[in-house]
Amino acid sequence: MQNYKELIVWAKSHQTTLNIYKISAVFPKEEQYGLTSQLRRSKASIPANIAEGCGRPSQKDFIHFLSISLGSANEAEYFLLLANDLGYVSQKTYEALKDEINQIKAMLISLITKIRSTINT
């Protein structure tokens, strides 16, 4: 298919994943196997599924993995909200990361729409 590293949405989601790892490193130890793990896994799933989709043989397969990425973005957004509500991240950090995740979601939706339009024509 294509090189996932050339996709802006992959690069942005990878960078946000790195940011999530940094901020979650200071979460309480008792959250290591709970919220910390869930937030990290849901966020890392976004660029991982984009990469996997790029290696699939068809555009429909690629769309499927982009859709999984979109679901993971929604999941990560929730876990970030939970971390904020529990006081593990500041409001400023929460807002910045939430904005990044929402940008990624918009980019994923746009890419899915674009690919679908090429399949249906």
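A few remarks follow.
- Candidate set: segment 24-83, residues that are within 18 Å of the chain's Cα centre (by Cα) and of a type in the set (Phe, Trp, Tyr); chosen: the one farthest from residue 99 (Cα to Cα): 62
- Filter result (of a type in the set (Asp, Glu) and exposed (fewer than 11 other Cβ atoms within 10 Å of the Cβ)) within segment 15-38: 30
- Segment 60-91 - residue that is aliphatic (A, V, I, L, M) and assigned to a loop (DSSP other than H, G, I, E, B) and, of those, farthest from residue 2 (Cα to Cα): 86
- Residue within segment 40-57 that is farther than 30 Å from residue 117 by Cα and either assigned to a helix (DSSP H, G or I) or in contact with a His (Cβ under 7 Å, 6 or more places away or on another chain) (or both) present: yes
- Count of segment 1-11 residues which are surrounded by fewer than 18 Cβ atoms within 10 Å (Cβ to Cβ) and in a helix (DSSP H, G or I): 4
- Count of segment 43-90 residues, restricted to those that are hydroxyl-bearing (Ser, Thr, Tyr) and surrounded by 22 or more Cβ atoms within 10 Å (Cβ to Cβ), is 2.
None of the figures in this text is laboratory data; all of them are computed from the coordinates on show. The structure displayed is predicted, hence computed values, not measured ones. Cβ coordinates were reconstructed from backbone atoms using ideal geometry, including for glycine residues, and neighbour counts include every protein chain displayed.
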